[in-house]
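One structure below.
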Amino acid sequence: KLAAEFPSEDILLVTASPVIKAVTNFKQVSKTLEEFDVEEQPSSLLKKRYPNIRVIQSGVKQLKSDEHKIYTEDGKEYTYEKLCLCAGAKPKLIVEGNPYVLGIRDTDSAQAFQKNLAQAERIVVVGNGGIALELVYEIQGCEVIWAIKDKAIGNTFFDAGAAEFLLPKLTAESQETPIECKRTKYTVEGSEEKGRPPGASDKLGSALGPDWHEGLHLKGTKEFSHKVHIEILCEVKKIHLQQEFIQLQQTSLAFPKGEKNAEADEVLWPVYVELTNGKIYGCNFIVSATGVVPNVEPFLDGNNFAVGEDGGLEVDKHMHTSLPDVFAAGDICTAAWEPSPVWHQMRLWTQARQMGWYAAKCMAAEALGESIDTDFSFELFAHITKFFNYKVVVLGKYNAQGLGSDHELMLRCTKGHEYIKVVMQNGRMMGAVLIGETDLEETFENLILNQMDLSAYGEDLLNPDIDIEDYFD
């Protein structure tokens, strides 16, 4: 966007990764809903399209905002007129530096995971967001103990009702053959052969696109498809290596079968997880899928950034940080403006793309001394994804985020087919979750955006015999 706005200026892209993430197959589904694929491409493609972009492959060591300079890890310095920090976020690991704990956030960590899984008989997955959900669904031939701190799965996206709707898919013996994935994957050429440079594992790779698990062979050693046991309302209390566990003289549990009490495990495992509910399970390794923290480290030292409660760099409604000429967008930033009543920030690909595009417009406007309106994409929270092979659309305050207790929910659910939930407040629609091919996303988007009073329709709003789309067209 910057290169297009300023065709004669030098645009520098400083990145630690040898590939760039490109948005392809972009589709505007409705006014605010966008569907797109994320592809890794060689950076040369970007330079071909925009000759004024220079890609500098190096991590940033330091920012000296008062001098308008950044220093890269390869010892060079660059001066900027305007700077936008888009360094994303890094996985929030349950423990740092334990070889048996893997965090998954980027393409490299997904590859490491695949290598480990090939030898695994049992893994423990900790976390309850999008990555944990997809992972547990995709893994076959390996026992999975899934520890979540909530009552129901997928609480970042769903409520307990939606979780109940999805659960049968987890226990289904064999999987439908997955629909062919139309995204192509780029890998860094030659990186596998050379082996990774020492110390490279802690470098941040590029964040995973929405289909990261496609094309990865997620299969363990056992000859069955799904074996998932969910431990709810618990977190990891402690992780014991094999030797420590033997000294503890505690018993660990076998994989639970049916309703009877779990039996003691005969097998010796490389690592043991002690949960806050008192249970101990042995496993080959632990996947930490417990969300991300903004990657602000290299930029804070010596710069007086305002930092949000979630650790991100605070930005105003023009994506400006608290420092002159420094903007931020995507996972690294925290939206510190007064949001629209039906929008909230969530660290997702869709928002990262919108923020990046809008930040470029804001940088251009400031450079040219023009004024600019807040982008329409911040009017309504809207995200479209896929879980368990179902299309999933979430709109507005879909989990009644921040609405207090005076809201009500309306549901329509056809087992194995669709799940529809709307969040109503004072007769107005504030949010919705649509799972399956409901074709209601555009209608609901309009109803949330125009805040029409729907109290007259009552329960009929979700009546399957009434064609609500025609009605509100």
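Test of understanding: what is the full-extension gain from residue 368 to residue 337, defined as 0.36 nm times their sequence separation minus their Cα-Cα distance?
Numbers: separation 31, 0.36 × 31 = 11.16 nm, distance 2.30 nm.
My answer for the length gained is 8.9 nm.
Taking the range 317-354, which chymotrypsin sites (Phe, Trp or Tyr not before Pro) meet the DSSP loop condition and have no more than 16 other C-beta atoms within 10 Å? Walk me through the numbers before you get to the answer.
Details: sites: 327, 337, 343, 349; in loops: 337, 343.
The qualifying sites are 337.
Given a Förster distance of 30 angstrom, what is the FRET efficiency for residue 346 paired with residue 247, based on the Cβ-Cβ distance and rounded to 0.05?
Numbers: r = 43 Å, r/R0 = 1.44.
Step by step, r from the Cβ atoms, then E = 0.10.
Relative contact order for the range 382-471: what percent, with Cα pairs under 8 Å and sequence separation of 6 or more? Provide the component values of the computation, followed by the final result.
Working: 151 pairs, mean separation 22.0, N = 90.
Result for the range 382-471 is 24 percent.
Tell me the label-point distance for the pair residue 58, residue 77, using the 7 Å Cα-to-Cβ offset, in nm and rounded to one decimal.
So the two model labels end up 1.2 nm from each other.
Using a probe radius of 1.4 Å on heavy atoms only, what accessible surface per residue do you get for the range 382-471? Whole Å² is fine. Don't skip to the answer; put the middle values down first.
Working: 4050 Å² over 90 residues.
For the range 382-471, the per-residue accessible area is 45 Å².
7 Å from Cα along Cα→Cβ at both residue 238 and residue 1: what's the point-to-point distance in nm?
5.0 nm
Over the Cα atoms of the range 382-471, how large are the radius of gyration and the largest Cα-Cα distance (Dmax), in Å?
Considering the range 382-471 through its Cα atoms, Rg and Dmax are 12.4, 36 Å.
Would you please name the trypsin sites (Lys or Arg not before Pro) within the range 409-460 that are DSSP coil residues with at most 11 other C-beta atoms within 10 Å of their C-beta?
Values: sites: 412, 415, 421, 428; in loops: 415.
Within the range 409-460, the qualifying trypsin sites (Lys or Arg not before Pro) (loop, at most 11 other Cβ atoms within 10 Å) are 415.
Once the whole set of protein chains is in place, how much accessible area is left on residue 344, using a 1.4 Å probe, in Å² to the nearest 10?
30 Å²
Please identify every one of the trypsin sites (Lys or Arg not before Pro) in the range 81-153 that sits in a loop by DSSP and has no more than 12 other beta carbons within 10 Å of its own beta carbon.
Details: sites: 82, 92, 105, 115, 122, 149, 151; in loops: 82, 92, 105, 149, 151.
Sparse-neighbourhood loop trypsin sites (Lys or Arg not before Pro): 151.
Provide the net charge surrounding residue 353, with neighbours chosen by a C-beta distance below 14 Å and charges set as Lys +1, Arg +1, Asp -1, Glu -1. All intermediate terms of the calculation are to be shown ahead of the outcome.
Working: positive: 1, 21, 27, 347, 361; negative: 34, 35, 37, 39, 331, 375.
Local net charge: -1.
Residue separation times 0.36 nm, minus the C-alpha to C-alpha distance between residue 264 and residue 437: what's the value?
Working: separation 173, 0.36 × 173 = 62.28 nm, distance 4.42 nm.
That pair, residue 264 and residue 437, stretches by 57.9 nm at full extension.
I want to check the label-to-label distance for residue 309 and residue 8. Put each point 7 Å from Cα in the C-beta direction and report it in nm to one decimal.
4.8 nm
I need the calculated FRET efficiency for the pair residue 50 and residue 96, taking r as the beta carbon distance and R₀ as 35 Å, to the nearest 0.05. Display every interim value, and only then the final one.
Details: r = 39 Å, r/R0 = 1.11.
In this case the efficiency is close to 0.35.
The values are calculated or read from the model by the stated rules, or taken from the named source; none is laboratory data. Note that the coordinates shown come from a computational prediction; the quantities given were computed from them, not determined experimentally. Cβ atoms come from the backbone with ideal geometry, glycine included; neighbour counts cover every protein chain shown. Ligands, DNA and RNA are stripped out before the accessible areas are found, and what is left, the full protein with its side chains, is counted by its heavy atoms. Shrake-Rupley method; radii C 1.70, N 1.55, O 1.52, S 1.80 Å.
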